[in-house]
Each structure stands twice: as structure tokens, then as C-alpha cells.
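**Q** To start, I am sharing the structure in question, which I have written as C-alpha cells.
Just so it is clear, none of the values below were taken in a lab; they were calculated from the coordinates. From a predicted model like this one, the values you see are computed outputs, not experimental measurements. Cβ: placed from backbone, ideal geometry, glycine included. Neighbour counts: every protein chain shown.
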Amino acid sequence: MIGNFWLIPYMHWEAGKKKSSFEDSPHHDDKQNSNGQIPVKSHQWKSLHLTAPTSPVLKTSLRGRPPRIRSSKEMEKEELEKVPKFKARPLNKKIFESKGDLGMFCNTKRQVTVPQEFQFATDERILPSANVADELLFGKLPLNSESQNDKTIPRNTTPNPFRLSTEERGTEKERKLFTELLHKQIEEEKSRIRKANPYPYTTDYPVIPPKPEPKKCTKPEPFQLESLVKHEQETWRHMEERRRMEEEEAKIRNFNAQPVLSEDSIPVPEKVRKPLTEVQDFKLRVDNRSVDIAEFDKKIKQKEMMHKRYREETESARMIEEEKALKQLRRTLVPHARPVPKFDHPFLPQKSSKQVTKPRSPKLQIVKRKERKATTACPYAAVSTAASQMR
């Protein structure tokens, strides 16, 4: 729609042209003359105004599928329509006159807590005290003093033996175990008594039973597992589903375009078709680089071997030369004995003729710094000294 925006003025011009031709047609005059009045043609120009652009109604928009997704505004509108309507109740004017009974909750003050005496079970079990005066002294009397002589003396509790279900289950289990052991013992005693087979009442020789016929060798057969049958069914189902999906995709790919209109009111410019991209094989640098690296490594190994051979040859030649020189030196050497030292003129130390070293103070920067500080501290003294020298 944006690409065909330049056709809008042309369309307006065509619409104005058709309107003017319709007004000039004789049928238009006949419709105006139906009231019996003579039509008067006005050649005055109408007031000019800006053209309001409108989007053209293209057939592509009619062919396109309508949008199925609802917009956010439509969804909000539907949600607002579904919300139940709220209607407030009328205000009760008695709320203003009430004292917290109606409307807002009025928090009233609670009453003061009244202390009460504790009712312990120990007071019922223990006998009443003999001296009430002691209770008055130590403040152990109850709040509501009443006579305790009416209370009956409770009797001592006599404990009864417990009857637990676990004990009953234990005795029952022991009884069953004892009966089982007893039955086993009786059966073992019966099994110890041997019983011989009775002698047959015939004088014939015993009949030897015939030898059984040998069975045939077992022939191995493949297993008929349910899992294999299920697997075949599942694979067949997958193949059928895949074939069905491929057929559906082929149907979807088979696109039947609508026929091209021969007389189109809006001419569409022809689209320039670019040539298809020719796919070429990739020429990777990695392939050449691997060959170069292999050749480089081979050259380095050859150079290292050559240097190693040269180093060994030079080392062997140097050792041979040293051995030859050492042999030659040993041949030409003549042993000479060292002369005995003479002690006729012993060493006598003499006194040095050099002067004694005179110490000097070092030229440190601290002394100059102190002198500079002294001169800056009293500038008038320096001026006075300079003036006295000038005089």
C-alpha cells in the first residue's frame, strides 16, 4: 500500500473526470428535467481544497487472509464486558448518629481483670493443715477463705496389674512355636522307622523294563518375543505417519496461483529478476595451512639433525686435537727440580717515610642548609652588616 501511494492523485483525477462526464451526459439532464424545470448549467469554479489521501482498495488485500489474532484493545474491551457491574448500596444516615454500633467499629475498653484462685489437684490430695495461724502469718490463705473441714480424706490408690496386648501376643506366639516344634519332633521319629517293600507273590523272574527310545536332538528356533512384534508395529506406525506428513507437505508446497488479470486498472511495475546465486566450493585457508605447517616442521627437523651432526663432528675433532696436543706436550716436557731457597738475607721491616694522614670534615649539605636558614631568619642583620661594610 505504501509503494502505490503515488497512484492516489491519479485516482482522484480519474474520479473527477468521470463525475464531470456524468454531469455533461444527456441522461443526467433528463433526471433534472423530470420536475419540469429547465436546467441551467453553471460554469463557475468550485472552491479549491486540499486532497484527502485515501488508501487504494487493492485486490491483494481481498485475496489476503484476515487476521485471526485479536488486538489488545479488543481483548481489554471483552474483559471489561465480562466484569460484573458494581452497584453501591445507599448510605444509612443512622451511622452518623450511632456510637459505634453501626458503620465503623468502636473499640470499647475492657473490664479490669479479676484475680481468681488456682484450683490445683494437690490441694485435694493433701490433708488440711492443723495451724491456721501459720497460714495467716505467711500469707498462704486463699482469697475466698472457706472452711476446709468438709473435705473428705481420699484413700490410697491400689495399683492394678497392667494387661498389655503385647504380652498376650507374646504368649500366643510362644504357644504356636511350641506346637510346631512338637510336630517336627514327631515327624522325625516316624521317619527313623524303616519300612521294607513287600516281597512279590510270584516265582517268575522279575520283568526288566524296556529301554526308552532316545529323544531327538533339539532344533534351535528363533525367539518369538512380544517386544520384537511391538517394535515392528511401532516402526510401521512411524513410517506411515512420516509418509502421511510428507504427502501433506507436498500438497502444501503445490501452490496454485490465481490467474493474472489481463486488464488491470492499476498498472504494477514489473519486478526485476536477479540471477540466481551460483554456489561454489569453499576454499579454506586451513587446508593450505596444514600442508605448509607439515613442510615447515619437516624442514626444522632436517635442520636440527644437520646441526646435531655438525656439533658431534666438531666435538670429536676437538677431542682428537686435544689428545694429540697433550701427547706432544708430554713428549717435549723435561722435569726440572725447584731450587732451594736462600736464607742469607732475611727480611727486615723498615719505618715508612710517609706523613701522617690529617683528618678533614666532610662537606655535607646540612651545614649549608643551616646557614641558609640562619640568613633567612634575620634579614635585618644581613642588611646591617652590608651597610657597615659600605661605610
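**Q** Just grab the label-to-label distance for Ala317 and Lys109, each label 7 Å out from Cα along the Cβ direction, in nm (one decimal).
**A** Output for this residue pair reads 12.6 nm.
**Q** Could you tell me the extents of segment 204-352's C-alpha atoms along the three principal axes, largest first, rounded to whole Å?
**A** 138, 127, 44
**Q** Let me ask something else. Set the Förster radius R0 to 30 Å, insert the Cβ-Cβ distance between Phe178 and Thr157 as r into 1/(1 + (r/R0)^6), and round the FRET efficiency to 0.05.
**A** Values: r = 38 Å, r/R0 = 1.27.
My answer for the efficiency is 0.20.
**Q** In nm, to one decimal, how far is the modelled label at Lys59 from the one at Leu80, with both set 7 Å along Cα→Cβ?
**A** Taking the two extended label points, one gets 4.1 nm.
**Q** Please list 3J(HN,Hα) in residue order for segment 111-125, calculated via the Karplus relation 6.51 cos²θ - 1.76 cosθ + 1.60 where θ = phi - 60°; whole Hz, with x for glycine and proline.
**A** For segment 111-125, the Karplus-derived couplings read 6, 5, 5, 9, x, 10, 6, 6, 9, 8, 6, 5, 5, 7, 7 Hz, x marking Gly and Pro.
**Q** R0 = 56 Å: FRET efficiency of Leu364 with Asp344, Cβ-based, nearest 0.05? Numbers along the way, then the final one.
**A** Values: r = 56 Å, r/R0 = 1.00.
Working from the Cβ atoms, E equals 0.50.
**Q** Run the simple label-point estimate for Ala196 and Lys94 please: 7 Å along Cα→C-beta, distance reported in nm.
**A** 11.9
**Q** So, one more: Would you mind checking Lys85/Lys109; Lys59/Lys251; Lys59/Lys274; Lys298/Lys324 for any pair whose Cα atoms are more than 30 angstrom apart?
**A** Values: Lys85/Lys109 41 Å; Lys59/Lys251 25 Å; Lys59/Lys274 26 Å; Lys298/Lys324 39 Å.
Distance filter (> 30 Å) returns Lys85/Lys109; Lys298/Lys324.
**Q** Subtract the Cα-Cα distance of Gln224 and Glu241 from 0.36 nm times their separation in residues, and report this length gain in nm to one decimal.
**A** On the way: separation 17, 0.36 × 17 = 6.12 nm, distance 2.63 nm.
Roughly 3.5 nm would be gained on extension.
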